[in-house]
Amino acid sequence: MIRDREHECMGRGELGQLQGERLAKQVQRVYERVPFYKDLFDKSGIDPNKIKGLTDLPSLPFTKKVNLHEQYPFGLFATPLSDVVRIHASSGTTGKPTTVGYTQNDIDMWAEVMARSLACCGAGRDDIVQVGYGYGLFTGGLGAHYGAERLGSAVIPISGSNTQRQLMLMEDFGTTVVCCTPSFMLYLYDVAQQIGLDVKNLPLRVGVFGAEPWSEEMRRDIEEKWNIKACDIYGLSEIIGPGVSCECVEAQNGLHINDDHFLPEIIDPDTGEQLPEGELGELVITCLTKETFPLIRYRTGDITRLTTEPCICGRTNARMARVSGRSDDMLIIRGVNVFPSQVESVLLMSPEIEPHYKLVVDRKGSMDTLDVQVEIRPDLYHEVSEAVLSLDDINYFTEHESLIKLKSHIQKNIKDIIGINVKVAFREPGSIERSEGKAQRVVDMRKQG
Ligand SMILES: [Zn+2]
């Protein structure tokens, strides 16, 4: 169901007009109300009166995460605290968190975009929505909660964890829609198996998953195990919380951005230049309608691409691809921007290899090189090593004909995606070190010695 046909199915021209008008107004507004923006625009030689529409957008300076820290806690608020009705904060991994504020209008807009997003996933008045995101300073729980209420669904505000109780309520209350992180959904499945609950018999039909990166493989896994549709939702507290964008259940092909409120752009994270539609880069968002915390050209650090091609569901708003990494991870190799996630996506397509890999960047003379080391699957390894045993040296396994073919196939696919030649080397199963936390998959030798 499309909740707001007027805004979600607007002609692109008409939408651009609306976005431009809102942008001009917002720029003027923050210049008058937020000393940080007055300084920033003055220093960048920006006259807010000359910002008339979307074509002026690239001239505006970026807002960065560091600015949010510098202005902690309320320095970026564009309304007096008397107008603020809610304050959320993100948990900073180091030091102080990032604080965001909302007026009543901001909360209403948030509930509305979240209701649109849930409707986009196929939820409606008759649904029982179990919100398994954390409630509190984190925006996930309350964001989903207000959106589901706005939609008219029956909300179960169970919050995160409580694994056994989550399963009990799913069964007893007949939950039809669940909102939580995808990894928690897989964990719930394991626990359901342990207690002998057949989840395929539950009335559950849709999952709205976000707040962490996940892959197409994980989607298929969840959909199969639970017999549900799994949709991707995206948001960040700096912009509003969840509800910036969401996949439609019809296509599950890119997340529809509520771009009448959140103006998206893709930039080259290295140069800051705006990139044409379809190219991979860093997502930048401008809050067109927010009152208390309206960021201008905020660099999200998330890597994705945009399309404005019409979707089969009928919505015309811009769609972003699943976030494929962070700009902090970007490598520049021979002047080309390369994201480890791009290489990973190619590796994941080959069933002959394991998702354990290492990227080694080096410089030979003046030439940057990228070596991709990846483990082959144990059964293939044994098959191949048996075949070459006569060579007396197990290391010859990589000389096997089928592996040479596989190697050139993968090298070609990586080149197609990132545009440069790489060297793929197969490693024995289990030989690439595992890590408990965030895997160290990139070694940049150029930075050493
Ligand atoms: Zn769609």
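Could you list, in sequence order, all residues of the range 230-269 that are charged (D, E, K, R) and more than 13 Å from the ligand (Cβ to nearest atom)?
At the first step, the residues of the range 230-269 found to be charged (D, E, K, R) are 232, 238, 247, 250, 259-260, 265, 268.
Once the filter is applied, which keeps residues that are charged (D, E, K, R) and more than 13 Å from the ligand (Cβ to nearest atom), the range 230-269 yields Glu238, Asp259, Asp260, Glu265, Asp268.
Which of the strands (runs of 3 or more DSSP E) found entirely inside the range 215-307 contain at least 1 residues meeting this: touching a Pro at 6+ places or on another chain (Cβ under 6 Å)?
Details: elements: 229-236, 241-247, 255-257, 262-267, 281-287, 298-304.
Filter on the range 215-307 gives 229-236, 255-257, 281-287.
Within the range 271-313, how many residues turn out to be hydrophobic (A, V, I, L, M, F, W, C), away from the ligand (no atom under 16 Å from the Cβ) and at pLDDT 95 or above?
Initial filter on the range 271-313 (hydrophobic (A, V, I, L, M, F, W, C)): 275, 280, 283-285, 287-288, 293, 295-296, 303, 306, 311-313.
Still in the running and away from the ligand (no atom under 16 Å from the Cβ): 275, 280, 283-285, 287-288, 293, 295-296, 303.
Subset that is at pLDDT 95 or above: 275, 283-285, 287-288, 293, 295-296.
Within the range 271-313, residues that are hydrophobic (A, V, I, L, M, F, W, C), away from the ligand (no atom under 16 Å from the Cβ) and at pLDDT 95 or above number 9.
Kindly indicate whether any position in the range 69-83 is surrounded by 15 or more Cβ atoms within 10 Å (Cβ to Cβ) and closer than 30 Å to Leu204 by Cα.
Looking for residues that are surrounded by 15 or more Cβ atoms within 10 Å (Cβ to Cβ) and closer than 30 Å to Leu204 by Cα, one finds none in the range 69-83, hence no.
Each row is one residue, and each column tells you yes or no for (1) at pLDDT below 95; (2) under 15 Å from Ile233 (Cβ atoms).
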site	(1), (2)
Asp126	no, no
Leu142	no, yes
His145	no, yes
Glu149	no, no
Ile158	no, no
Ser161	yes, no
Leu167	no, no
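For Ala211, indicate whether it is touching a helix residue (DSSP H, G or I) at 6+ places or on another chain (Cβ under 6 Å), more than 30 Å from Arg29 (Cα to Cα) and touching a residue at least 60 places away in the same chain (Cβ under 8 Å).
Working: touching a helix residue (DSSP H, G or I) at 6+ places or on another chain (Cβ under 6 Å): yes; more than 30 Å from Arg29 (Cα to Cα): yes; touching a residue at least 60 places away in the same chain (Cβ under 8 Å): yes.
Yes: the conditions hold for Ala211.
Write out, first by first residue and then by second, each pair whose Cβ atoms fall under 7 Å of each other, whose residues are 6+ apart or on separate chains, and whose first residue, in the range 155-181, is on the phi > 0 side of the Ramachandran plot while the second is surrounded by fewer than 20 Cβ atoms within 10 Å (Cβ to Cβ) and aromatic (Phe, Trp, Tyr).
Within 7 Å, the pairs are Ser159/Tyr135.
Restrict the check to the range 229-236 and report whether at least one residue is closer than 13 Å to Cys121 by Cβ, at pLDDT 95 or above and among the aromatic types (Phe, Trp, Tyr). Full working, then the answer.
Here is the first cut: in the range 229-236, the residues closer than 13 Å to Cys121 by Cβ are 229-234.
From what's left, at pLDDT 95 or above: 229-234.
If we keep only those that are among the aromatic types (Phe, Trp, Tyr) as well, we get 234.
Yes: one or more hits.
Can you tell me how many residues within the range 314-339 are within 16 Å of the ligand (Cβ to nearest atom), in a strand (DSSP E or B) and of a type in the set (Val, Ile, Thr)?
Going residue by residue through the range 314-339, those that are within 16 Å of the ligand (Cβ to nearest atom) are 314-322.
Narrowing the set further to residues that are in a strand (DSSP E or B) leaves 319-320.
Restricting the remaining residues to those that are of a type in the set (Val, Ile, Thr) gives none.
Residues in the range 314-339 being within 16 Å of the ligand (Cβ to nearest atom), in a strand (DSSP E or B) and of a type in the set (Val, Ile, Thr): 0 in total.
Considering each residue of the range 359-374, count those that are closer than 18 Å to Ser431 by Cβ and surrounded by 20 or more Cβ atoms within 10 Å (Cβ to Cβ), and give that number. Outline the logic, then answer.
First pass over the range 359-374, keeping only residues closer than 18 Å to Ser431 by Cβ: 359-360, 371-374.
Among the residues that remain, those that are also surrounded by 20 or more Cβ atoms within 10 Å (Cβ to Cβ) are: 359, 372, 374.
Residues in the range 359-374 being closer than 18 Å to Ser431 by Cβ and surrounded by 20 or more Cβ atoms within 10 Å (Cβ to Cβ): 3 in total.
Suppose we keep only residues that are small (Gly, Ala, Ser) and assigned to a helix (DSSP H, G or I) within the range 141-198. Which one would you say is nearest to the chain's Cα centre (by Cα)?
The initial filter retains those residues of the range 141-198 that are small (Gly, Ala, Ser), namely 141, 143-144, 147-148, 152-154, 159-161, 174, 183, 192, 196.
With assigned to a helix (DSSP H, G or I) added as a condition, the list becomes 141, 143-144, 147-148, 174, 183, 192.
Working: Gly141: 18, Gly143: 17, Ala144: 17, Gly147: 20, Ala148: 21, Gly174: 30, Ser183: 14, Ala192: 28 Å.
For the range 141-198, the residue satisfying everything is Ser183.
Within the range 120-136, identify whether any single residue is surrounded by fewer than 20 Cβ atoms within 10 Å (Cβ to Cβ), of a type in the set (A, V, I, L, M) and more than 16 Å from the ligand (Cβ to nearest atom), and answer yes or no. Even if it seems obvious, please write down each step before you answer.
Step one: of the range 120-136, the residues surrounded by fewer than 20 Cβ atoms within 10 Å (Cβ to Cβ) are 122, 124-126, 134-136.
Now narrow it down to the ones that are of a type in the set (A, V, I, L, M): none.
No, because not a single residue in the range 120-136 is surrounded by fewer than 20 Cβ atoms within 10 Å (Cβ to Cβ), of a type in the set (A, V, I, L, M) and more than 16 Å from the ligand (Cβ to nearest atom).
I'd like to verify a number: residues in the range 306-326 that are touching a residue at least 12 places away in the same chain (Cβ under 8 Å) and over 16 Å from Glu344 (Cβ atoms), how many?
13
If you check Arg86, Arg29, Arg3, which single one turns out to be of a type in the set (Lys, Arg) and within 30 Å of Ile312 (Cα to Cα)?
Numbers: Arg86 fails: within 30 Å of Ile312 (Cα to Cα); Arg29 fails: within 30 Å of Ile312 (Cα to Cα).
Every option except Arg3 fails the conditions.
The values are calculated or read from the model by the stated rules, or taken from the named source; none is laboratory data. For clarity, every value in this text was computed on a predicted model and none was experimentally measured. So basically every Cβ, Gly included, is an ideal-geometry build from the backbone, and we count neighbours across all protein chains shown.
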